[in-house]
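Below: one structure, written as structure tokens.
The values are calculated or read from the model by the stated rules, or taken from the named source; none is laboratory data. Owing to the predicted nature of the structure, the values given are computational and were not obtained by experimental measurement. Don't worry about glycine lacking a Cβ; one is built from the backbone with ideal geometry, like all the others, and counts go over all protein chains shown. Side chains included, ligands, DNA and RNA excluded: accessible areas come from the protein's heavy atoms. Shrake-Rupley method; radii C 1.70, N 1.55, O 1.52, S 1.80 Å.
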Amino acid sequence: MHIKKQRLLTPGPTPLLPAALHAMMGSDIHHRTEDFRNLYKQVLADLKKLLETSNDILVLVASGTGGLEAATQNFFSPGDEVLVCSAGKFGERWVELMKAFGAKATVLTAPYGEAVQPEAVEQALAQNKNIKGVFVQASETSTGTEHDVKSMGLAVKKTDAIFVVDAITGIGTMPLYIDEWGLDIVIGGSQKAFMIPPGLTFMSVSPKAWAHGETAKSPRYYFDLKREKKNAASGESAWTPNTALLLALAEALKYIQSIGMEKLVQNAQLLALATRAAMKELGLELFSSSPASSVTAVRSPAGMDSGVIVKEFRSRFNAIIANGQGSMKGQIFRIAHLGYFDFHDLFAITAELELILTARGYPVRFGSGVAAVQNVYSGVALAKEAVLA
């Protein structure tokens, strides 16, 4: 094989939308001009529309972690009692942020591959009326696990606490009804389902959260969300924006609107469903008991380091998938479904996995995993035809 196209198949960064890449070439506009203000207002309006929320939308120049930090700084004070749901590496990041900003965190943990249960959240809130915030990942990408954000949100909604959701890989892969479910702060990132490079984080902020922010005393400067909200009202950012990424995001939002956010979510869910079917057919075990649609985490066969599988994808096919993180490194590999992925990608990666496993001595009947993907695709196509008929 002399020609090998690189294919990015990780849960972030994800494959880029061609129209968004092209749009970035027009970034030589000044950010204190009417041209930029029109662009910025349109991006904020389109995000608000796609997220189907009446809450304020803010965009920051940062990775998703910057959004998590901003949520911590702007709405909580040192010494505040908070509840953190931790079921993986990114849940542990919430714990680290609470420690960094002096919050007093009660941590609800679940073993890697499992989800924190809503009942545990409800019980903790009932036992401690002083809890001011609840933090969770909608989709814990490190383990391929999905949390029941709806049930958690409805439980938090009954209290004075605010619900802060890291939806960086949840947006575009699972339903998120922000206003209805009481999701006070929802954080997203540019390099996930929005199909553009890393560098932007955005969030929705509810009136309940803003009220909390009035008494928050954590220090902040760059991530001052009240200042961002004031500037956004006139179509400007508080600091120098990433014009290129905003142009790209504008195109990505147009694309998502053209197909519909619900269709983007369905795409991820169908790819995840087909991947799970293929892994089962190949005799491989899913890592998560509550599998997400953003990424599928798969246990490597007994005696086989998952890092070998990841390396083989790269060296043989120039395809980049993700290894496990932390203690899961070498145990699982992860295949993403969010954003600019389609069934063509999944057919290819499943066939390649069959070849890699066979070369490593794992028994595979060629085409069995691919056939499972085909059966899911065929079943969906037939169902759609029946509806149209």
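If you go through the range 257-269 and pick out every residue that is surrounded by fewer than 20 Cβ atoms within 10 Å (Cβ to Cβ), aliphatic (A, V, I, L, M) and either touching a residue at least 24 places away in the same chain (Cβ under 8 Å) or outside any helix (DSSP H, G or I) (or both), you end up with 1. Only one entry of LEU83, LEU68, LEU39 meets the criterion of being over 23 Å from ALA238 (Cα atoms) and open to solvent by less than 50 Å² (accessible area, probe 1.4 Å), and that entry is LEU83. Number of residues in the range 1-26 that are over 30 Å from PHE313 (Cα atoms) and either exposed (fewer than 14 other Cβ atoms within 10 Å of the Cβ) or of a type in the set (Asp, Glu) (or both) equals 2.
Of all the criteria given as (1) over 30 Å from GLY88 (Cα atoms); (2) open to solvent by less than 20 Å² (accessible area, probe 1.4 Å); (3) assigned to a loop (DSSP other than H, G, I, E, B), the one not satisfied by ALA248 is (3). Taking the range 81-105 as the range and being in contact with a Leu (Cβ under 8 Å, 6 or more places away or on another chain) and closer than 22 Å to LYS150 by Cβ as the test, the residues that pass are LEU83, VAL84, CYS85, SER86, TRP94. Looking across GLY307, GLY303, one residue alone is part of a loop (DSSP other than H, G, I, E, B), of a type outside the set (Ser, Thr, Tyr) and out of contact with any helix residue (DSSP H, G or I) (no Cβ under 9 Å at 6 or more places or on another chain). It is GLY303.
The requirement of being within 22 Å of LEU253 (Cβ to Cβ), touching a residue at least 60 places away in the same chain (Cβ under 8 Å) and among the hydrophobic types (A, V, I, L, M, F, W, C) is fulfilled somewhere in the range 28-36, by at least one residue. The residues of the range 286-318 that are buried (at least 16 other Cβ atoms within 10 Å of the Cβ), of a type in the set (Ser, Thr, Tyr) and touching a residue at least 40 places away in the same chain (Cβ under 8 Å), listed by number, are SER288, SER290, SER293, SER294, THR296. One residue stands out among those in the range 270-288 that are of a type in the set (Gly, Ala, Ser) and part of a loop (DSSP other than H, G, I, E, B): the one that is farthest from the chain's Cα centre (by Cα), which is GLY283.
Residues in the range 270-285 that are of a type in the set (Asp, Glu) and surrounded by 18 or more Cβ atoms within 10 Å (Cβ to Cβ): GLU281 only.
Just one residue in the set ILE356, ILE349 is within 14 Å of VAL295 (Cα to Cα), in a helix (DSSP H, G or I), open to solvent by less than 60 Å² (accessible area, probe 1.4 Å) and out of contact with any Ser or Thr (no Cβ under 8 Å at 6 or more places or on another chain); that residue is ILE349.
Answer yes or no as to whether THR14 is within 17 Å of ALA161 (Cα to Cα), at pLDDT 95 or above and of a type outside the set (A, V, I, L, M, F, W, C). Taking the combined requirement at face value, the residue does not satisfy it. Can you find, within the range 363-381, the residue that is most open to solvent (accessible area, probe 1.4 Å) among those that are hydrophobic (A, V, I, L, M, F, W, C) and assigned to a helix (DSSP H, G or I)? Within the range 363-381, the match that is most open to solvent (accessible area, probe 1.4 Å) is VAL380. Please go through the range 71-98 and pick out each residue that is part of a helix (DSSP H, G or I) and either within 30 Å of PHE333 (Cα to Cα) or at pLDDT below 95 (or both). LYS89, PHE90, GLY91, GLU92, ARG93, TRP94, VAL95, GLU96, LEU97, MET98 - these are the residues of the range 71-98 that are part of a helix (DSSP H, G or I) and either within 30 Å of PHE333 (Cα to Cα) or at pLDDT below 95 (or both).
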